[in-house]
Structures are given as structure tokens and as C-alpha cells.
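A.B. asks: My structure is below; once you've seen it, I'll send some questions.
The values are calculated or read from the model by the stated rules, or taken from the named source; none is laboratory data. As the structure is a prediction and not an experimental result, all values here were calculated from the model. Cβ placement follows ideal geometry from the backbone for every residue including glycine, while neighbour counts extend to all protein chains displayed. What goes into the accessible areas is simple: the full protein's heavy atoms, side chains included, and nothing from ligands, DNA or RNA. Shrake-Rupley method; radii C 1.70, N 1.55, O 1.52, S 1.80 Å.
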Amino acid sequence: MREGPATVVHRQDYAAPAYWIRKVELCFDLDPVKTIVSSKLHIERNPAAEPQPLKLHGEDITVLRVMAAGESVSFRHEDKLLVIDNPPAGEQFVLEIRNTCSPEKNTQLSGLYTSGGGFFTQCEAEGFRRITYFLDRPDVMAVYTVTLRADKKKYPVLLSNGNLVEQGELDGGRHFAVWHDPFPKPSYLFALVAADLVCREQKIRTRAGKEHLLQVFVRRGDLGKTEHAMASLVASVVWDEARFGLPLDLERFMIVAVEDFNMGAMENKGLNIFNTKFVLASPATATDVDFAGIESVVGHEYFHNWTGNRITCRDWFQLSLKEGLTVFRDQEFSMDMAGSPSARAVKRIEDVRALRASQFPEDAGAMAHPVRPDSYAAIDNFYTATVYEKGSEVVRMMQTLVGREGFERGITLYFERHDGQAVTCDDFAQAIADANPGSELATRLESFKRWYSQAGTPRLKARGVYDAEARRYTLTLTQSALPSPGQPTKQPFVIPVLAALLGRDGRTLAAERLLVLDSAEQQFVFEDVDAEPVPSLLRGFSAPVILDDGLGDAELLTLLAHDSDAFNRWEAGQRLALARLLAAVEQAAPVTLDEAFVEAMRTVLRDPALDPAFKELALTLPSEGYVAEQLATFDPQRIHAVREHFREQLASTLHADWAEAFEANLVHEGYAPTPAQAGRRALANLALAMLCLHAVRSGNPVWPGRAYQRVKDASNMTDRIGALAALVHSHSELAEPALERFHAIAGGEPLVVDKWFALQAQASEPVGAGHGRSFARAKALLKHPDFSLKNPNRARSLIFQLCMNNPAAFHRADAAGYVFWAERLLEIDPINPQLAARLARVMDRWTALAEPYRSAAREALARVAAKPDLSDDVREVLGRALEAQQ
Ligand code: BES
Ligand code: ZN
């Protein structure tokens, strides 16, 4: 941390490094208070660069000595750099550095830190410089040999990247291990672990017939919760080889779980480090959603081994090169694992829902940036939904434009060209296009790449005209995009629109085809159309745009009942609900839901041909955040009141159907986290929530009683927390004893205690009498003995859940929510700036708030921004938020 504004890095300023580091020998004498790091760097001048001083990054570390070519060399400090003005002459030389760092004091969890009595590292993006002096940038790739020395009793397991080459005893109860990673890698992929861990291991044979060892390391008591992570890892190895021909390239692949971790997980070469949340699972401690999360995160990090590690990013502006592509790959993996067409569609719906919940608001708010950003002050602030989720959609559009096989050819060419290199998003797009000459992508590659450079969500308008005599349907597509920070005008995007035509009776009038819109306006003609059609556009959400197709209730009901594209079927139901929510938000008086809508929901709920998982998604009203996004200015309390009122109406009018759905979807078989079982549990839990909501309003004790029983007796966490949520959100009298019971059953298991905090922080804020109760409860939980700001999972479970996922509790007319936010932010920032900066982003959309929230939010922002000692991370986010003020 420092005074004054942070330096801003610009994409256009990229220059290749003046020196390369080809080989690194590192030796760690591990000690929590003072660890000694000795490094030997084999450096080479870059002949293409001007001769200049050697400047190494270093942060919060202390240098002991520096030797060049075997002799001591003078150096100086400049900002956060160690500068050697006169490195040895000649093309190559060896630099030896000895420095110290203090893992115990490292509460930022970036670099080398301690957690639960062990040592762990996190180096992406710029954490390696917190371990030792280095050219800490992704285009400097070296071969690492690492020696670890530590007390044998306290740290029996010593791990680093690659293969174990030697281990043995040392004096004084210490031992050592030497690891060698044959693949050149950037420093952000370095990792070490020294801790008291146990592991589950399994051998796997790849197609080439080679055997590999897979290991999952956890704390002693946690071995029983590693089965699913291991199964997910095995499935990932098999899938990447089958789908993309990409095999495991190391003899040994390790996953280590750690309790204190800023992110979900990290793809260090051969030694992935994971937040315990994405490793540990048993039916009793993890929900179906957790099981699915583990599968996708294990997949994601494993897939980085090729898309990220074998080919990495030239600079951090290219982050989406690895993250967007790897999210696309993990989404495809989960879809392939899901199996049935219906389960695949459910996964796609969930992914689009997540994109709309986080990326769309980001693209419309203060932090809007292109998939390939142009500048940053703190790179950690750009691990965003735009880089990840929108980046994945951009890759998906490429696949749509060249076809699935064409895309696989493109990936093959990408590796033929760039294996072992640090490259750019342009290189990736070029490879996909070059492997598919003449394709819809190759013919408009330059304009397609605007998806990388232009921020904001495009709007797509579609209007059709039917000529009965000519049996012709003409569809006019127009696109527009709103200005975003630094980008007042936009050029047209290339938008792939998968489209089909349905008759009013549901039959297909025109089979699915791909329309590619690449200018502001274009017409597409469908010949031989028998009758006036209902268009089904943007099937499977074929582009990340906001669609205005002008369809009314009748057409949407047709699509909801008949569309063969499950995504659009779901979307039609959401649009019907959204139209009603938006209309009601405008009215002062409560609105009664019309029969047509309620009947449509009833039909979905009763339809025996539909999957329970799909029903659950279709019967869940659009979120309060999504409703807010549709409005130029929004009142969070009004949206909450309207949505709760609608939920109550669906709870009471469909009461008998909910009861039937609950009974019909109870799972009596043994627990398995399969899409089929998970779908049934999800629908049964939604039904139970609706039944409790209705029961509490009507004073009937039966369903809350059953829910309470389920909290006590459920045989799995999904059902237990589902029942608890039903009681908490309906404000049943049984909520309190059920919460107590749940806490007791948790038995101090950290991931379960996190759920206990999170559920209370999300508790629906009562409308009218009792308003403010949920906020007060969350605030009181800060003082609970189990609460801590230092563990990111715990801080997120209470504070982030309240500020981000409970709008009606957070946005208060008395501004107490904003005061709470400001206080927590200022508490967390000195401990963990990355975490604090994420919390700062809660205010991204403050300019769209209605009064009095808007003024209060601005005041809170200004008050925090005026503090002198903020981290660069937080300062950047607050600065952008305040700039957004018009
Ligand atoms: N490379 C990231 C982890 C990371 C993110 C390190 C930010 C440093 C800063 C990793 O591959 C990743 O993307 N993890 C995600 C989960 C994934 C399934 C999207 C995460 O941690 O949230
Ligand atoms: Zn990633």
C-alpha cells in the first residue's frame, strides 16, 4: 500500500522483456516467521531489446544479497523494483539472490502464506514477486527446479510443480524434497505446499498407454470427502483427451485443498491448489450445487493445463485467452457429463442465468470493460465476469460460426502453432479462422474480433413480416449498443442468431438455421412458410445480447408450450414473468397475477414429459437483480415487494400442485449427485419453500412442521438446507430452532458453518411488518464466535451474501446497509485488498438506484474513497464507481 494514485498499465504499451529467464533454481528454508529463499536465475539478454538495466519485481520481501556471475553486484531499489544497473556483460549470466519473506504475516493470501499450520502459495497474477525477485510477467517462461526444506514433523508433505526427483533427511528434525518441472512456465504457475496432509491417489492410463498418478491432498480428517473430486479429475483427464485430443503430460498430477484461499482454485502446473469448497464433499456436508461446482472447477483447472499452461498469455490484457477459453471448455465438459439433452439444456440455462446475473450488470456499470481490457491499475480487479463468462460466450460464438468439428480443427491448429508460447487473443481467433477457411468466421474475422475490443451488451431487435400469398417470412434484425466508459460509439458486432419458425399450434414451419448479422441492419428471408409463424430466435442463447423480438403473451405462450429448443422454452416463461414483474413495479397498488400466466405455470408443473430440473428453473421467477437490470432506475424495495407478492400468489394458487410435486419428487434411492436426482431434489425443495410460504401466511402448521423434521432428519445436505431455507425465507416460527439445530449438526465443519451464515445473510427481508429483521440478524452475526474476516470463505458467506445477494436487506432508506458496507470494506482492506476490492464492487450499479438510495450510496462511496491508506485494488474500483456519476 502507498499514498497517491496507482500506476495505470496500458495494453498498447506492451514491450517484450529486455531479459529472459530460462532456468530457475529455487531453495526454500521454510519457517512461518522468516522463510529464506535462495534463487539462481539463468538470465539471457533479449537481443531484440535496447541494452538497459535489469529490473526485477519484488514486494514485501527483504533482500539479503545479490551475486551476478559469482560476484557481488551493486543494486538499488526503485519503487517496487530491484534494479541492477550494470549486469555482467555477455549474452548470458547467472544471478543469485537471497531474500526473506514472512508467510505468517501474509494475510493477503498472495505469495507464500500459512493456513491451518501449513505453507501454501498463490502466485497468479502477481504473487511470485512477493516470494522472490523476478521478472514476474507471463511472457517470461523458465524451467524450475525447487528444493524445499522444513521441519519434518510439522510439515511431513513437501510439494512443488512437476516430478519429485529427490528427498531425504536433514539435521535438526528437518527434511527436504527436490522437484523438477520439465515444462517452461511463467512464474504465476509456480506453487509449493508444505503441510501435514494426507492424500487419496489413483492411477490412470492415457490413450498412449502411459500411466499417471493422480493425487488429492487434504487435512487428516477430510480424506472421506475426496471421492467426488477424484472422480471429477479422472473424468476431466478422459474428456480432454476424447474431445480435444489433449492428454495429461505429466507423470503426476496433484490437487491440494486449503481453507484460506482468495479464489476458487488455481491451475499451477501439476500442482493445482484449491479452496476446500471445491474439493471436499460428502452427501452430509455438500449440496448438489456444491457437487456440480466441484466437477466444473476440477475440470476447469485441469483443462488449463493445455489452455493456459502449455499455451499461456503474453500479457495480462490477454487473460481471456486462457480464462474465457477454459470456462468454455469446463461448460462443455459439464454438459457432456450431464448426458441427456434435457440435462444439457438445464446446464446451458444455468450458465446463461449466471451470465445475466453478473456479466450483464458489469457491462452496464461503472466497471464495464472489453473482454480484452485496455488498461488497469490492479490486474486482480480484472478477473471479472466479462473476461470469464463473456469471454466464454465469445469462444462459443466462434464454435457456432465454424461448427463443432471446425472448432476442434481450430484448437488443433492453435496447439500446432503456439505450443510452449505466450500469445494473444488475436492469435487464438486467427487459428480458429485459419483452420476453417471460407467459414462464417473466417470471412468476417476482423469485425468478429470487436467482441474482444468493445464493451457493453449489444441490443438485438427482431421484427418479422409474413406475406401469406408469397408464403414468405421476412425477418429484419437490427443491432445497437450503448456507450460504455471510454467508448462513446460502437461498430456493429458479428451476431450469430440460431433461428427456427414455429406455427401457432407448435409445429415446425422452418427448421433451425444460422443467421449471421454483421451490420447495423439486415433482412433474412424464409421461403415456403405455410402460415404466420412465431419466431424462435437466439436459440440456446447463441450470442450474449439483449433480444427484443416484440413477441406478445400469445406467442410466448406458444413457445413455452412447444419450442423444441429447451432454452427458448424456458426463456419464454421467464419473459412472461418478467413482463408482469415490470408492469407491477410501475404500479403503486399490489397486482394480482392473471389466470393465463398462472395456468401456464401450472401446465409446466404438471407436464409429465418435462424434467423436474427444467420445471424448477421455469417456475423460479427472474431474480430481483435481473428485474433491476431492465430498468433505467430501480427501487430495490419495490422490486422485492412485487416479487415476494408474486411468489405468495404462486404459492397459494398452485398449492395443491406444489404438494403433489413435493411428494412426487422425493428421492428414495441412495444419494447420488446426478443431474436426474439433483433435479428432483431441486423441484421438491422449491415446492417445500412454496408450501411453507403459503402455510405461514395462512397459519397452517403442517408444512413448516414437515420442513423442521427434514432439517433434523434429512439424509443429505441438499434436503437439509432446502428445508431450512424454506423456514427461514417464509419467516416461520420454526426458523429459529431449526437454525440452532442446523448449527449443532454442523459440528464446526467449516464449509457447513459457511452455509449457516450465508443462509441467514440471504434471508428474505420481510415486506411491511418486521422489515429490517434480516439486516439486523446479519449484522448481529458479525459478533458470532464462529465469524472471522480473515478467512475469505467466511467473510464472503456473511458480508458478501448480504451486500450482493440480499438487495432488500442491503438497500435501506436509512442507509444503514451502506454504512455496514463501508465499515467492513475498511476493515478488510488492510487484511486482504483483493477481497476488499470484490466487496467494493457491490456499488457498481449505484447510478441506476432510485432516490434516496442513490444519494446515500454516493455519500458512502465518497466517504470511503476519501480515506488515505486504501489499497490500489480498492482505490481503482471506487475511482471508477465515482467517475460513473453523470
Ligand atoms: N486462474 C484462476 C485462478 C485465479 C484467479 C488466480 C484470479 C488469481 C487471480 C483459475 O483458473 C480460475 O479461473 N478459477 C475460478 C474458478 C473457475 C471454475 C472459473 C475461481 O477461482 O473463481
Ligand atoms: Zn481459470
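A.B. asks: Which of the numbered conditions does ILE273 fail, given that it passes all the others? Conditions: (1) surrounded by 24 or more Cβ atoms within 10 Å (Cβ to Cβ); (2) β-branched (Val, Ile, Thr); (3) away from ligand 2 (no atom under 16 Å from the Cβ).
C.D. replies: (3) is the only condition that ILE273 fails.
A.B. asks: Scan the range 353-373 and give yes if some residue there is more than 10 Å from ligand 1 (Cβ to nearest atom), in a loop (DSSP other than H, G, I, E, B), in contact (Cβ under 8 Å) with a residue 24 or more places away in the chain and open to solvent by 20 Å² or more (accessible area, probe 1.4 Å), otherwise no.
C.D. replies: yes
A.B. asks: From the list ALA776, ALA763, which one is open to solvent by 40 Å² or more (accessible area, probe 1.4 Å) and either without any contact (Cβ under 8 Å) to a residue 40 or more places away in the chain or not in a helix (DSSP H, G or I) (or both)?
C.D. replies: After ruling out the rest, the residue left standing is ALA776.
A.B. asks: When only residues in the range 32-70 that are assigned to a loop (DSSP other than H, G, I, E, B) and touching a helix residue (DSSP H, G or I) at 6+ places or on another chain (Cβ under 8 Å) count, which is nearest to PRO138 (Cα to Cα)?
C.D. replies: Looking at residues that are assigned to a loop (DSSP other than H, G, I, E, B) and touching a helix residue (DSSP H, G or I) at 6+ places or on another chain (Cβ under 8 Å), I get GLY58.
A.B. asks: Just need a number here: residues in the range 88-122 that are in a strand (DSSP E or B), open to solvent by less than 30 Å² (accessible area, probe 1.4 Å) and away from ligand 2 (no atom under 16 Å from the Cβ).
C.D. replies: Of the residues in that region, 14 qualify.
A.B. asks: Further question: Take the residues of the range 203-231 that are within 22 Å of PHE244 (Cβ to Cβ) and part of a strand (DSSP E or B): which is most open to solvent (accessible area, probe 1.4 Å)?
C.D. replies: ARG205
A.B. asks: Next up: So which residues in the range 380-409 are aliphatic (A, V, I, L, M) and away from ligand 2 (no atom under 16 Å from the Cβ)? Spell out the reasoning first.
C.D. replies: Narrowing the range 380-409 to residues aliphatic (A, V, I, L, M): 385, 387, 394-395, 397-398, 401-402.
Across the range 380-409, the qualifying residues are MET397, MET398, LEU401, VAL402.
A.B. asks: Applying the selection to the range 380-404, what residues are hydroxyl-bearing (Ser, Thr, Tyr), open to solvent by 20 Å² or more (accessible area, probe 1.4 Å) and more than 11 Å from ligand 1 (Cβ to nearest atom)?
C.D. replies: THR400
A.B. asks: Please specify each residue of the range 31-69 satisfying the condition of being surrounded by 15 or more Cβ atoms within 10 Å (Cβ to Cβ) and among the hydroxyl-bearing types (Ser, Thr, Tyr).
C.D. replies: Selection gives THR35, SER38, SER39.
A.B. asks: Look at PRO437 and say whether it is under 28 Å from the mean Cα position of the chain (by Cα) and at negative phi.
C.D. replies: no
A.B. asks: Quick one: which residue in LYS790, LYS783 is touching a residue at least 60 places away in the same chain (Cβ under 8 Å), surrounded by fewer than 19 Cβ atoms within 10 Å (Cβ to Cβ), charged (D, E, K, R) and outside any helix (DSSP H, G or I)?
C.D. replies: LYS790
A.B. asks: Follow-up. Pairs please, first residue from the range 314-329 and over 25 Å from ALA242 (Cβ atoms) and open to solvent by less than 10 Å² (accessible area, probe 1.4 Å), second anywhere and near ligand 2 (Cβ under 9 Å from one of its atoms) and outside any helix (DSSP H, G or I), Cβ atoms under 8 Å, 6+ apart in sequence or on different chains.
C.D. replies: That search, which allows pairs on different chains as well, returns LEU319/TYR383.
A.B. asks: Does the range 684-697 contain at least one residue that is surrounded by fewer than 19 Cβ atoms within 10 Å (Cβ to Cβ) and closer than 25 Å to ALA738 by Cα?
C.D. replies: yes
A.B. asks: Being touching a Leu at 6+ places or on another chain (Cβ under 7 Å) and in a helix (DSSP H, G or I) is the filter; apply it to the range 300-347 and report the residue that is nearest to ligand 2 (Cβ to nearest atom).
C.D. replies: The residue in question is TYR302.
A.B. asks: Pick out the one residue from GLU295, GLU350 that is more than 12 Å from ligand 2 (Cβ to nearest atom), crowded, with 24+ Cβ neighbours inside 10 Å and among the acidic types (Asp, Glu).
C.D. replies: GLU295
A.B. asks: Same structure, new question: Among the residues of the range 407-418, is there at least one that is among the basic types (Lys, Arg), in a helix (DSSP H, G or I) and touching a residue at least 12 places away in the same chain (Cβ under 8 Å)?
C.D. replies: yes
A.B. asks: Please indicate, with yes or no, whether at least one residue in the range 831-848 is in contact with a Phe, Trp or Tyr (Cβ under 7 Å, 6 or more places away or on another chain) and farther than 30 Å from ALA265 by Cα.
C.D. replies: Taking every residue of the range 831-848 in turn, at least one turns out to be in contact with a Phe, Trp or Tyr (Cβ under 7 Å, 6 or more places away or on another chain) and farther than 30 Å from ALA265 by Cα.
A.B. asks: Can you name the residue in the range 817-833 that is in a helix (DSSP H, G or I) and open to solvent by 40 Å² or more (accessible area, probe 1.4 Å) and is also nearest to THR107 (Cα to Cα) among such residues?
C.D. replies: GLU827
A.B. asks: Which residue out of LEU578, LEU560, LEU537, LEU556 is closer than 26 Å to ALA343 by Cβ, free of Cβ contacts under 8 Å to residues at least 24 places away in the same chain and open to solvent by less than 40 Å² (accessible area, probe 1.4 Å)?
C.D. replies: Only one candidate passes the filter, namely LEU556.
A.B. asks: Across the range 158-188, which residue is farthest from ligand 1 (Cβ to nearest atom) among those that are of a type in the set (Asp, Glu) and open to solvent by 10 Å² or more (accessible area, probe 1.4 Å)?
C.D. replies: ASP171
A.B. asks: Cβ-Cβ below 9 Å, separation at least six or inter-chain, first residue in the range 867-886 and part of a helix (DSSP H, G or I), second at pLDDT below 95 and open to solvent by 70 Å² or more (accessible area, probe 1.4 Å): which pairs?
C.D. replies: ASP872/MET1; ASP872/ARG2; ASP872/PRO5; ASP872/THR7; ARG875/PRO5; GLY879/PRO5; ARG880/PRO485; GLU883/PRO485
A.B. asks: Across the range 605-625, what is the total count of residues that are within 25 Å of LEU547 (Cβ to Cβ) and buried (at least 19 other Cβ atoms within 10 Å of the Cβ)?
C.D. replies: Of the residues in that region, 12 qualify.
A.B. asks: Further, regarding this structure: In the list ALA125, ALA142, ALA191, which residue meets the criterion of being surrounded by fewer than 24 Cβ atoms within 10 Å (Cβ to Cβ), at pLDDT 95 or above, within 16 Å of ligand 1 (Cβ to nearest atom) and closer than 26 Å to VAL423 by Cβ? It would help to see each step written out before you state the result.
C.D. replies: Working: ALA142 fails: within 16 Å of ligand 1 (Cβ to nearest atom); ALA191 fails: surrounded by fewer than 24 Cβ atoms within 10 Å (Cβ to Cβ).
Going through ALA125, ALA142, ALA191 in turn, the sole match is ALA125.
A.B. asks: Sticking with this one: Is one or more of the residues making up the range 250-263 under 29 Å from TYR376 (Cβ atoms) and within 13 Å of ligand 2 (Cβ to nearest atom)?
C.D. replies: Checking the range 250-263: at least one residue is under 29 Å from TYR376 (Cβ atoms) and within 13 Å of ligand 2 (Cβ to nearest atom).
A.B. asks: Now for a separate question. Just checking, which of ARG471, ARG409 is more than 27 Å from the chain's Cα centre (by Cα) and buried (at least 16 other Cβ atoms within 10 Å of the Cβ)?
C.D. replies: ARG409
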